[in-house]
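Heads up, the thing below is written out as structure tokens.
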Amino acid sequence: MNKNKEQLLNKRYKAEQRFRLYGLSAIFMALLFLTIFIFKIFSTGYSAFQKTWLIVPVTFDAELMMLDQNPSKEDLQDADYYDIALKSMADLDPNANEDQENELKRMVSYFFEKEIKNELLNDPNLIGKTKEVYLTASDDLDQVFKGNYPRDLPEDQRRVNDYQLKIFDQLVANGKVESKFNISFFTNADSREAELAGIASSFMGSIFSILVCLMIAFPVAVLAAIYLEEFAPKNRFTDFIEVNINNLAAVPSIVFGLLGLGVLLAIFQLPRSTPLVGGITLSLMTLPTIIIAARASLKAVPPSIREAALAMGASRMQTTMHHTVPLSMPGTLSGTIIGLAQALGETAPLILIGMVAFVNTIPGSPMDPAASLPVQIYIWAESAERGFVEKVSACIMVLLGFLIIMNLFAQIIRHKFEKKWS
Amino acid sequence: MNLILFTFIVLLGFTSYYFGRKKAYTIQSTKKRLTALPQFYGYYLAIWCAIPAFIIFSLWAIFEPTIVKLLILSDYSNQGYLDDELNLLYEKSKALSRGQFTGEITPFIEASAEKYLSLRSIAQSSKVVIVLSAIIASVAYAYKRISSNSRTREPVEKFLNAVLFTASLAAILTTVGIVFSLIFQTIDFFKVIPLFDFVFGTHWYPAKAFVRDSSEALDPTMYSDTFGAVPIFAGTFFIAFIAMCVAIPIGLMSGIYLAEYASTKVRQYAKPLIEILAGIPTVVYGFFAALTVGPFLKELGTSMGLEVSAESALAAGGVMGIMIIPFISSLSDDVITSVPQSLRDGSYAMGATKSETIKRVIFPAALPGIVGSILLGVSRAIGETMIVVMASGLAANLTLNPLESTSTITAQIVVILIGDQAFGDPKTQAAFALGMSLFLVTLCLNIVALRVVKKYREKYE
């Protein structure tokens, strides 16, 4: 009898421990996912911040460039650089036949002509001389150099052939291949060529959409929250508004995309693919988030503040505008930033309003077509070229960086400026 | 042009504020008592400046295009054109006047383009004149009216109240906008495709609707067996089911652990860390699922002799489940913490262990709230877009094998609407019909979930 009891107790204690372990392992699993996730993104993405350059001697032959004696600046602009560019690549292997010359040309980006031109424009005295010029390596060689490209594949499955690899290895052996910080990733617009593609256009697109979103959502949401929390009578209509707000906060984002497409583009005829439309769509999405945050923070202001102001003879509007609202601002602002961070990461509605269009210029205003950072991630992730994989991860790192900064900022505002009432 | 006018009006508003306040100070200096603080006199005038400007601006925005169109089309009124042709003519001349027209330029169109331009400039300049004179008249009238005993605070506050009220309508307007944008396209869609075929058909090949000459009349028989949404609905719920299989155990257990077992220190760090998972953009999850999880599962399957698609429902659903973990864990954490301590104490006093208390007392008490949080999670899983677009298939297979690829409502909407779309085409309308069903399903889930959570909260407050 006694033994039986002890057994039972042991069993119960074991069950207790097991249950505890389940809980602990659930948390552990969730954190493990997070770690794998971040590790994966960083390990594939960090190499995109480096760019591979080939150092190639270029002879600035005036004759090949069709230049006269003492050319003016404009002559230099209009000169023909293609031939010397081609020649300097072909000179890497003196014995190359025509096919091989073509392959040599493909070792650098199609931008190489421009790069040689810029070199000469910077220093016009180079005419007739030879100088070693940094040329952007093609994205396949870039990947080979970073070790992301399996060299042991059969030749016909590779985009770099054996000949190119041979020349490339010679260059590496001579120290003519260099890896430098990839500035163009931050300054270039999108491009079909992975080695030239950058995030500048989508970054500006994101900034513009977020600004439009902020300018619309913040005032409307704060005013709405003030009304609902401070002035609204309790009746069916305000209940209906509440249900609407809570429901909108949980409506799938793609539905807002359909709203943007069906109303903003089809009925109001706003320009497609622009951050303006994107921002308006996002603002409708962020509205409920900000309203809920602002209401919570208005509710947190103790009634004694209101009563004191009313007792001094302030009207209800004055009480609200002079006392309650300023006191609630830290909470409202941090809620707004969190809402904007959500909007910054949103993709689906922007795809529907056409912000996936290929844009190779940097937008200058919210009325220019643009992509946004998350959409850029989607576009690159869908393209087949290997060079884009690390770009996607790098773009994700930039996006996550912004989200972290925004969330930290929200935390700081909340902790620093929010008054604790007790 | 509009921007300059707008800035000018804002400047006018500030000046009238200044003059209003100044008048109040002058009255004050004559030792008369004011009925409101001086700045209210300023606000009062500024409002008198803003209202007419706003009214005229909106009237203009509404009526200008239609009036211009009427005037231009009146040239063609008795030449026997059809309505559609007239619209086309109008659009052509509009495009030409902007220099964006690429087609053949006929003298007719050129003439109306010129007329369009001149009408627009007349409209613009008359707008400027009307707005400015209306503002000046109304401000002057109000300025003359204010005196020592005129009421200014009440009208200003009434106005502010109206502004606040209007802002609170934004939420309703958004909902109305959603329904509005979905319903017309959906109705048009069901005019061509019978509702029955959509809800019970088992073949979904919207690509088939591509091959149509737009000048031909719509032939509904062409679309039989094209827009049967059963595979899409099944795929959506299937992927959501897989996601919940991952999210419910992990989310619920971690919520319970955080609420009942974790020390304050663990809670302080673990909770925000788990919530990071909710802050990661979904497109990032999609990339992760497509690039890492999909190929990993495929390799794993091959090594075990299983045929796994690289775009399996398992990969998309699993990653989606990870995304939903924090929603369930923090909501159930909240719900469990709000169970009154007395219930726990009672159970401990009867000699129950902690886990027995949780399983037999707290869990049943918190069940409505937990169900609510799970329903919100399901609604999120159904509406999730980017993960499925990137990681699951785009062809709609009717399958219950998690290793094969399926498609979802959201993925199909994106597939159909990406790139250019022609309104009035059954294929585009199909996307809106899918959107409508998505909206309705998530609406029901949300309302039920929110009500359940609210009821539960009230019970213990």
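Residue-by-condition table, conditions (1) outside any loop (DSSP other than H, G, I, E, B); (2) free of Cβ contacts under 8 Å to residues at least 60 places away in the same chain; (3) within 14 Å of chain B (Cβ to nearest Cβ):
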| site | (1), (2), (3) |
| --- | --- |
| A:36 | yes, yes, yes |
| A:44 | yes, no, yes |
| A:51 | yes, no, no |
| A:56 | yes, no, no |
| A:64 | no, yes, no |
| A:70 | no, yes, no |
| A:83 | yes, yes, no |
| A:89 | yes, yes, no |
| A:103 | yes, no, no |
- Item | the range B:410-427, subset within 9 Å of chain A (Cβ to nearest Cβ) and out of contact with any Pro (no Cβ under 9 Å at 6 or more places or on another chain), residue farthest from residue B:302 (Cα to Cα) | B:423
- Message: I need the full set of residues from the range B:248-279 which are outside any helix (DSSP H, G or I) and surrounded by fewer than 20 Cβ atoms within 10 Å (Cβ to Cβ), in order please.
- Response: B:263
- Query: Picking from A:271, A:302, A:330, A:275, which residue would you name as being touching a Phe, Trp or Tyr at 6+ places or on another chain (Cβ under 9 Å) and closer than 25 Å to residue B:414 by Cα?
  - Reply: A:275
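Look through the range B:448-457, keep the residues that are buried (at least 16 other Cβ atoms within 10 Å of the Cβ) and within 11 Å of chain A (Cβ to nearest Cβ), and return whichever of them is nearest to residue B:339 (Cα to Cα).
Checking each candidate, the answer is B:453.
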- Note on the structure: Of the residues in the range A:231-250, those that are more than 31 Å from the chain's Cα centre (by Cα) and either hydrophobic (A, V, I, L, M, F, W, C) or facing another protein chain (nearest Cβ under 9 Å) (or both) come to A:231, A:232, A:237, A:238, A:240, A:241, A:242, A:243, A:244
- Close pairs from the range B:332-359: first away from every other protein chain (no Cβ under 14 Å), partner in a loop (DSSP other than H, G, I, E, B) and modelled with pLDDT under 90, Cβ under 9 Å, at least 6 apart: B:338/B:461
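To keep it simple, each residue is scored yes or no on (1) touching a residue at least 24 places away in the same chain (Cβ under 8 Å); (2) exposed (fewer than 12 other Cβ atoms within 10 Å of the Cβ); (3) not assigned by TED's automatic domain parsing to the domain that holds residue B:144.
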| residue | (1), (2), (3) |
| --- | --- |
| B:33 | yes, yes, no |
| B:43 | yes, no, no |
| B:49 | yes, no, no |
| B:52 | yes, no, no |
| B:58 | no, yes, no |
| B:99 | no, yes, no |
| B:114 | no, no, no |
| B:117 | no, no, no |
| B:126 | no, no, no |
- Could you please give the count of residues in the range A:251-277 that are outside any helix (DSSP H, G or I), closer than 20 Å to residue B:283 by Cβ and at the interface with another protein chain (Cβ under 8 Å from one of its Cβ atoms)? 2
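Do we have any residue at all in the range A:301-324 that's under 22 Å from the mean Cα position of the chain (by Cα) and at negative phi?
Initial filter on the range A:301-324 (under 22 Å from the mean Cα position of the chain (by Cα)): none.
Within the range A:301-324 (the criterion being under 22 Å from the mean Cα position of the chain (by Cα) and at negative phi), the answer is no, since none of the residues qualifies.
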- Item | Wholly enclosed helices (runs of 4 or more DSSP H) of the range A:319-412 bearing at least 1 residues away from every other protein chain (no Cβ under 11 Å) | A:325-344
- The one condition in (1) in contact (Cβ under 8 Å) with a residue 40 or more places away in the chain; (2) surrounded by fewer than 22 Cβ atoms within 10 Å (Cβ to Cβ); (3) polar (S, T, N, Q) that residue A:187 fails to fulfil: (1)
- Item | Residues within the range A:43-83 that are touching a helix residue (DSSP H, G or I) at 6+ places or on another chain (Cβ under 7 Å) and of a type in the set (A, V, I, L, M, F, W, C), tallied | 10
- Message: Just the residues that are at pLDDT below 85 and among the small types (Gly, Ala, Ser), please, taken from the range B:109-122.
- Response: B:111, B:112, B:113
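One line per residue, one yes/no per condition, for (1) assigned to a loop (DSSP other than H, G, I, E, B); (2) under 34 Å from the mean Cα position of the chain (by Cα); (3) closer than 30 Å to residue B:86 by Cα:
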{"position": "B:4", "(1), (2), (3)": "no, yes, no"}
{"position": "B:20", "(1), (2), (3)": "no, no, no"}
{"position": "B:25", "(1), (2), (3)": "no, no, no"}
{"position": "B:41", "(1), (2), (3)": "no, no, no"}
{"position": "B:51", "(1), (2), (3)": "no, yes, no"}
{"position": "B:55", "(1), (2), (3)": "no, yes, no"}
{"position": "B:59", "(1), (2), (3)": "no, yes, yes"}
{"position": "B:64", "(1), (2), (3)": "no, yes, yes"}
{"position": "B:72", "(1), (2), (3)": "no, no, yes"}
- Qualifying position, being closer than 20 Å to residue A:347 by Cα, out of contact with any strand residue (DSSP E or B) (no Cβ under 7 Å at 6 or more places or on another chain), within 11 Å of another protein chain (Cβ to nearest Cβ) and in contact (Cβ under 8 Å) with a residue 60 or more places away in the chain, among B:392, B:379, B:407: B:379
- Task: Please find, among A:40, A:5, the residue that is in contact with a Ser or Thr (Cβ under 7 Å, 6 or more places away or on another chain) and within 14 Å of chain B (Cβ to nearest Cβ).
- Result: A:40
- Which one is farthest from residue B:147 (Cα to Cα) among residues in the range B:1-46 that are touching a Ser or Thr at 6+ places or on another chain (Cβ under 9 Å) and β-branched (Val, Ile, Thr)? B:30
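The values are calculated or read from the model by the stated rules, or taken from the named source; none is laboratory data. Since we're looking at a predicted model, the values are computed, not measured. All Cβ positions, glycine included, derive from the backbone under ideal geometry; neighbour counts span all protein chains shown.
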